[in-house]
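Below: the structure, in structure tokens.
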Amino acid sequence: MIFILTYLSLIGLHGYWHLFWHPDPLWLKVVILLPLLLPLPWLLRQSSHQTRVICCYISFPYFIHGMTEVVANPANRMLALTEVGLCLLLFITLIRQNVLSRRSD
């Protein structure tokens with residue numbers, strides 16, 4: 001459940017960031033948000049291990065983007081730190097769920 005909430009928070013953060021914080025053109029907003037939205041139906045319907053792994057792979061470029069923004073753009077530092085934190089929380093919850101599922105086997 002934490003994984004799904006964190007993933008939805010990452011989508012919400014990018015929605016806020018690119019809809020209200022930066023007036024980007026529509027095509028750029030679609031390019032930025034579409035990769036996050038693609039696995040969402042599978043994540044909400046069946047939160048399988050494979051779906052969570054795909055979500056983590058998809059969130060990795062957003063982690064890199066957040067780290068770049070933390071260093072390069074002081075005006076966006078808090079949003080970027082939030083993005084980095086959400087991506088790290090995704091990775092940590094994936095690892096935790098993987099360890100717990102192997103212990104139960």
Just name the residue that is surrounded by the most Cβ atoms within 10 Å (Cβ to Cβ) out of those in segment 37-52 that are within 12 Å of the chain's Cα centre (by Cα) and not in a loop (DSSP other than H, G, I, E, B). Arg52
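Taking segment 76-105 only, how many residues are of a type outside the set (Phe, Trp, Tyr), touching a residue at least 12 places away in the same chain (Cβ under 8 Å) and closer than 22 Å to Leu8 by Cα? If you could, list the steps in order and put the result at the bottom.
Taking segment 76-105 first, the residues of a type outside the set (Phe, Trp, Tyr) are 76-90, 92-105.
Add one more test, that the residue is touching a residue at least 12 places away in the same chain (Cβ under 8 Å), and what stays is 76, 79-84, 86-90, 93-94, 97-98, 101.
So of that shortlist, the ones also closer than 22 Å to Leu8 by Cα come out as 76, 79-84, 86-90, 93-94, 97-98.
Within segment 76-105, residues that are of a type outside the set (Phe, Trp, Tyr), touching a residue at least 12 places away in the same chain (Cβ under 8 Å) and closer than 22 Å to Leu8 by Cα number 16.
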Do you know which of the residues in segment 6-20 that are of a type in the set (A, V, I, L, M, F, W, C) and surrounded by 12 or more Cβ atoms within 10 Å (Cβ to Cβ) is farthest from Phe63 (Cα to Cα)? Leu19
In segment 1-36, how many residues are closer than 25 Å to Ile92 by Cβ and assigned to a loop (DSSP other than H, G, I, E, B)? 1
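Let me confirm something: among Met67, Met78, which residue is surrounded by fewer than 16 Cβ atoms within 10 Å (Cβ to Cβ) and modelled with pLDDT of 95 or more?
Values: Met78 fails: modelled with pLDDT of 95 or more.
Just a single option satisfies the conditions, and that option is Met67.
Look at Thr82 and say whether it is part of a helix (DSSP H, G or I), within 13 Å of the chain's Cα centre (by Cα) and not aliphatic (A, V, I, L, M). Let's see the steps before the verdict.
Values: part of a helix (DSSP H, G or I): yes; within 13 Å of the chain's Cα centre (by Cα): yes; not aliphatic (A, V, I, L, M): yes.
In short, yes.
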Working only within segment 63-105, note down all residues that are acidic (Asp, Glu) and within 22 Å of Leu5 (Cα to Cα). Glu83
Given (1) farther than 30 Å from Ser101 by Cβ; (2) of a type in the set (Gly, Ala, Ser); (3) at pLDDT 90 or above, Gly12 misses just (1)
Neighbours by Cβ (under 7 Å, 6+ apart or cross-chain): first from segment 33-62, in contact (Cβ under 8 Å) with a residue 12 or more places away in the chain and under 17 Å from His14 (Cα atoms); second part of a helix (DSSP H, G or I) and among the aromatic types (Phe, Trp, Tyr): Cys55/Tyr7; Cys56/Phe91
Is segment 63-75 home to any residue that is part of a helix (DSSP H, G or I), of a type outside the set (Asp, Glu), closer than 18 Å to Gly15 by Cα and touching a residue at least 40 places away in the same chain (Cβ under 8 Å)? no
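The values are calculated or read from the model by the stated rules, or taken from the named source; none is laboratory data. Owing to the predicted nature of the structure, the values given are computational and were not obtained by experimental measurement. Here Cβ is always computed from backbone atoms with ideal geometry, including for glycine, and neighbour counts include all displayed protein chains.
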